[in-house]
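Step one of this worksheet: look at the structure below.
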Amino acid sequence: MYTEKVMDHFTNPRNVGEIPDADGVGEVGNPKCGDIMRIYLDIEGDTIKDVKFKTFGCGAAVATSSMVTEMVKGKTITEALDISNAAVAEALGGLPPNKLHCSNLAADALHAAIKDYYDKQEKAKG
Amino acid sequence: MRRVYLDHSATTPVDPEVASLMMTYYTEKYGNPSSIHSFGQEAREALEKAREQVAGFIGAQPAEITFTSGGTEADNLAILGAAEAYKDKGKHLITTAVEHHAILETFEFLAKNGYELTVLPVDEEGLLSVDGVQRAIRPDTILLSVMHANNEVGAIQPVAEIGRLAREKGVIFHVDAVQSLGKIPVNVNDLNVDMLTVSSHKIYGPKGVGALYVRKGIRLVPRVYGGGQEKKRRSGTENTPGIIGFGKACELAQARMADEAAKLTGLRDRLMDGILERIDFVKVNGPRGAKRLPNNVNVSVQYVEGESLLLSLDMVGIAASSGSACTSGSLDPSHVLLAMGMPHEIAHGSLRFSLGRQNTEEDVDYVLEQLPKIVERLRRMSPLFDQMQREAGAK
Ligand SMILES: Cc1ncc(COP(=O)(O)O)c(C=O)c1O
Ligand code: FES
């Protein structure tokens, strides 16, 4: 049912965990099945230095979280904002049709974390 | 790698004795039981013997057995056939919230087509109250359908009492006994039923075969028309090898049931107690003890999701199932767990192990060795688990 790539990321997820005092944290819930994903970003200048995630969800949700963290590590914020749900699914060699909504979760959590970073910057500026 | 099959409520392997008997009726005695020549007659004879075996297992007369393509078709025939036959008497139907989809969807269809449907709730263990049934029965109620044992949580309903009540009130009583057959006694007279559904592939017979028991005197309008087989109740050339296999499977199950149930109960409790001992934040779903099927274990592992559990178990060779939304095509959690009042998050981490004839203590111990490691790994990934721990720590 899942590709080898998905199973690999599910079995050995990259970047699991949290970043204490992260520069940006994004949490989204899946309205379809009720799953939750949280992404932590460590940002220096314009670059995503480190990224971690925690996910409560199916195999596809875990694999897409893991994949998205791999895709953004070391990238600029602009590059990260360009990463779409479809790109994450594609990088995993595709997902079963009824699991496509799980990949939305990963990209959405990433974008939410970036927004949180911007919000914090704004606040700091006062 | 060790492979442990713990999904016998989904389906069972065909008993080798059953399979070899069936083979004869595919390749040698392949006649059509409606033909008058010897090829047809040897198939007819075996078919009627199977009817006696199935009837004998449930305390029925052979003439009261109609073979179908499985439990689903038998459920459909019972409900649609009786609703149509008795529509002049009334149009009110009653069932329960924890039935199999073969029952629920069929009733839903009728509810959209001029019938009135009452769906009875269950308690937090998945059990029905007899009083609730009594209150739901009206003068225009024609049909009541209650499953004997639940396929997800193994809850055994007070079917005999409900049947007595239905008979008093003149309501036709149908029971889906697909999951109870072969595990606990199923007798149409003791249970006071008018119609009863059974399926072959849950008792080590072939898939695609089932039967509906219809008490003599109950009217039923057929749902499949054609050559008039099965006393016109279900047309179509009979699946002779399958039916003969089902008959044999009934005979074997009848002989083995008492010993098997005792063995399965032991394994069930070993597995359930072992899980509760080794893993924190686990909840048993369904009743414990005698009101639970001997082979059913269903637990919710909090803070993890069921499909992740199933995938991880499968990677170490263990086959189980889950009521998580993520494992269902519709992305809704199990309707059974929701009907028991379980919040979505808890239904999410539900895990069903259904034991069978070939399982051993070693199988159970293998699960008890693997599952805690899997849960620990998934909880380390879970945002809900660390949140819970933080909140607990704050207190
Ligand atoms: C309670 C119950 N009823 C009906 C069915 C359907 O039986 P079948 O698979 O033979 O169509 C099942 C099988 O999953 C079941 O568990
Ligand atoms: S997270 Fe629920 S289906 Fe993927």
Hits in segment B:331-346 - residues which are more than 9 Å from chain A (Cβ to nearest Cβ) and more than 23 Å from B:V4 (Cβ to Cβ): B:H335, B:V336, B:L337, B:L338, B:A339, B:M340, B:G341, B:M342, B:P343, B:I346
query: Pairs under 8 Å by beta carbon, first residue within 14 Å of another protein chain (Cβ to nearest Cβ) and farther than 26 Å from B:V297 by Cα in segment B:173-192, partner away from ligand 2 (no atom under 16 Å from the Cβ) and not basic (K, R), six or more apart or different chains?
result: none
query: Does any residue of segment B:46-61 turn out to be crowded, with 21+ Cβ neighbours inside 10 Å, in contact (Cβ under 8 Å) with a residue 60 or more places away in the chain and among the charged types (D, E, K, R)?
result: yes
field: Enumeration of residues in segment B:312-367 that are closer than 16 Å to B:E125 by Cα, buried (at least 23 other Cβ atoms within 10 Å of the Cβ) and within 16 Å of ligand 2 (Cβ to nearest atom)
entry: B:G323, B:S334, B:L337, B:A347, B:S350, B:L351
message: Looking at B:E105, B:E99, can you tell me which residue is within 14 Å of ligand 1 (Cβ to nearest atom) and without any contact (Cβ under 8 Å) to a residue 12 or more places away in the chain?
response: B:E105
statement: Residue count, segment A:65-103, condition more than 14 Å from every other protein chain (Cβ to nearest Cβ), in a loop (DSSP other than H, G, I, E, B) and hydrophobic (A, V, I, L, M, F, W, C), comes to 2
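Since every read-out is calculated from the coordinates, none of them should be taken as a lab result. Not measured: the values here are computed from a predicted model. Glycine gets a Cβ as well: all are built from the backbone with ideal geometry, and neighbour counts include every protein chain shown.
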